[in-house]
Amino acid sequence: MQRTFRFDQLESSRNPWGMSLGDEEIVTRDKVIQLRNQTRNAYNGTEKVEMYLANGEVGVVSGGKNPFRNVVFAGRQGLSFGYRKSEFPRGSGPLALAYCLTVHKGQGSEFSKVFVVIPKECFNLSRALLYTALTRCSCPFSARADALVLARWRTCC
């Protein structure tokens with residue numbers, strides 16, 4: 001998804017003056033998820049403030065100047081959090097691309113759009129997991145599943 005819709009930003013980040021974060025090449029306008037609980041400096045435009053960020057918070061990379069990329073998280077209006085390339089040793093760091101999340105990663109969050117895909121071979125589907133998936137959305141959601149999968153699920157759960 002990123003390679004299709006962020007092609008220009010990816011190409012620009014590969015130039016000598018460009019920058020991306022980690023092996024996933026996180027660039028400006030990418031959707032990201034915070035992967036660990038931590039206290040970070042947030043900037044409100046005039047001063048820095050120490051804030052707690054929780055694992056699972058979702059945001060958008062809003063730009064920044066080398067060596068930083070700034071991220072604005074949902075529910076934290078007016079605050080941006082800076083991330084350095086050095087925070088991604090061996091390719092992984094405190095952020096990951098969040099174009100598609102598992103139900104487990106989305107737990108505790110709320111989204112304006114939720115699209116649930118239930119594959120044919122879904123052995124660990126339960127009512128609790130489906131409930132968690134469907135209650136992440138603050139408005140109507142979309143779900144896709146094979147009719148046989150739904151029929152099998154109804155009889156076993």
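In the set (1) of a type outside the set (A, V, I, L, M, F, W, C); (2) under 21 Å from G106 (Cα atoms); (3) surrounded by 19 or more Cβ atoms within 10 Å (Cβ to Cβ), R76 fails one condition alone, (3). Please determine, by comparing only the residues of the stretch 31-56 that are in contact with a Lys or Arg (Cβ under 6 Å, 6 or more places away or on another chain) and closer than 22 Å to K105 by Cα, which one is most open to solvent (accessible area, probe 1.4 Å). Among those residues, the one meeting the criterion is N55.
So which strands (runs of 3 or more DSSP E) are wholly in the stretch 9-59 and hold at least 2 residues that are without any contact (Cβ under 8 Å) to a residue 40 or more places away in the chain and at negative phi?
Qualifying strands (runs of 3 or more DSSP E): 38-43, 48-53.
Which of the residues belonging to the stretch 89-99 are hydroxyl-bearing (S, T, Y) and either closer than 27 Å to D146 by Cβ or open to solvent by less than 40 Å² (accessible area, probe 1.4 Å) (or both)?
First, the residues of the stretch 89-99 that are hydroxyl-bearing (S, T, Y): 92, 99.
Matches in the stretch 89-99: Y99 only.
A single member of S86, S20, S12 is among the polar types (S, T, N, Q) and surrounded by 19 or more Cβ atoms within 10 Å (Cβ to Cβ), and it is S20. Of the listed requirements (1) under 15 Å from G93 (Cα atoms); (2) of a type in the set (D, E, K, R); (3) touching a helix residue (DSSP H, G or I) at 6+ places or on another chain (Cβ under 7 Å), R69 misses just one: (3).
Within the stretch 19-28, can one find any residue that is among the polar types (S, T, N, Q) and touching a helix residue (DSSP H, G or I) at 6+ places or on another chain (Cβ under 7 Å)? Checked against the condition, which is being among the polar types (S, T, N, Q) and touching a helix residue (DSSP H, G or I) at 6+ places or on another chain (Cβ under 7 Å), the stretch 19-28 yields at least one hit.
On inspection, S20 passes the criterion of being farther than 16 Å from G75 by Cβ, in contact with a Leu (Cβ under 8 Å, 6 or more places away or on another chain) and at pLDDT below 90.
The set of residues from the stretch 100-121 being surrounded by 13 or more Cβ atoms within 10 Å (Cβ to Cβ) and among the hydroxyl-bearing types (S, T, Y) comprises just one member, S109.
The values are calculated or read from the model by the stated rules, or taken from the named source; none is laboratory data. Please read all numbers here as calculations on a predicted model, not as lab measurements. FYI the Cβ positions are ideal-geometry reconstructions off the backbone, even for glycines, and counts take in every protein chain you see. Accessible surface is based on the protein model in full, side chains and every heavy atom, while ligands, DNA and RNA are left aside. Shrake-Rupley method; radii C 1.70, N 1.55, O 1.52, S 1.80 Å.
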